[in-house]
1. Answer rounded, prolate or oblate for the chain, using the Cα gyration tensor with square roots of eigenvalues a ≥ b ≥ c: rounded when a/c is under 1.5, else prolate when a/b is larger than b/c, else oblate.
2. Can you tally the net charge around Lys106? Count Lys and Arg as +1, Asp and Glu as -1, for every other residue whose Cβ sits under 9 Å from the Cβ of Lys106.
3. With r defined as the distance between the Cβ atoms of Tyr46 and Leu91 and R0 fixed at 22 Å, what FRET efficiency is calculated, to the nearest 0.05?
4. Express the carbon and sulfur contribution to the solvent-accessible surface of the chain as a percent, rounded to the nearest whole number, probe 1.4 angstrom.
5. With a probe of 1.4 Å, find how much accessible area the chain has per residue, and write the answer as a whole number in Å².
6. For the pair Arg79/Thr109, report the inter-label distance in nm, with labels modelled 7 Å from Cα in the Cβ direction.
7. Is region 32-77 rounded, prolate or oblate when judged by the Cα gyration tensor, a ≥ b ≥ c being the square roots of its eigenvalues, rounded requiring a/c under 1.5 and prolate requiring a/b larger than b/c?
8. Can you show me the helix-derived [θ] at 222 nm for the chain, built from DSSP H runs with n ≥ 4 at -39,500 (n - 2.57) apiece and divided by the number of residues, rounded to the nearest 500.
Amino acid sequence: MHDFCFTIPYGLLLIGGGLFGYIKKGSIASLAGGAGSGLILIVAGYLSLNAFGKQKNSYLALILETVCAVILTWTMGQRYMETSKVMPAGLIAGISALMTAFYLYKLATGGNHLPTKAE
């Protein structure tokens, strides 16, 4: 599975969560954190998708995705430990931890596996 297949939906989920937090509670922090990290992930996913289309790996995109997921795992994990609230802190921490593991696996195995050219 390619990283952009999960990164773009992950980014959209974060943007949606940030917008939901802003609409429901008026939280500027939710909007900035969710939309900011979501947009960074969508851009990284787009970079990875474009590189894949050119039969290349984008290690810049993969590192950016990993850093975002690690930061979200840490911050939302800390928030969950303080509040014990599953929504949104526990959910985002859990999803981000899974994404961190996926990105680390992709880095360890050399990025996206590129199809061989038929000659």
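The values are calculated or read from the model by the stated rules, or taken from the named source; none is laboratory data. Please read all numbers here as calculations on a predicted model, not as lab measurements. Quick reminder, even Gly has a Cβ in these numbers, built from the backbone with ideal geometry, and neighbours come from all protein chains shown. Note: areas computed on protein heavy atoms with side chains; ligands, DNA, RNA excluded. Shrake-Rupley method; radii C 1.70, N 1.55, O 1.52, S 1.80 Å.
1. On the way: a/c = 3.15, a/b = 1.99, b/c = 1.58.
Since a/c reaches 1.5 and a/b is larger than b/c, the shape of the chain is classed as prolate.
2. Values: positive: none; negative: Asp3, Glu65.
Residues near Lys106 contribute -2 overall.
3. Working: r = 25 Å, r/R0 = 1.12.
Efficiency at R0 = 22 Å is approximately 0.35.
4. On the way: 5220 of 7290 Å².
Reported share for carbon and sulfur atoms: 72 percent.
5. Numbers: 7290 Å² over 119 residues.
Here the per-residue accessible area is 61 Å².
6. Rounded to a tenth, the inter-label distance reads 3.1 nm.
7. Values: a/c = 4.49, a/b = 2.03, b/c = 2.21.
Taking the square roots of the gyration eigenvalues as a ≥ b ≥ c, region 32-77 is oblate.
8. Working: 4 runs with 92 residues, N = 119.
Computed ellipticity for the chain at 222 nm equals -27000 deg cm²/dmol.
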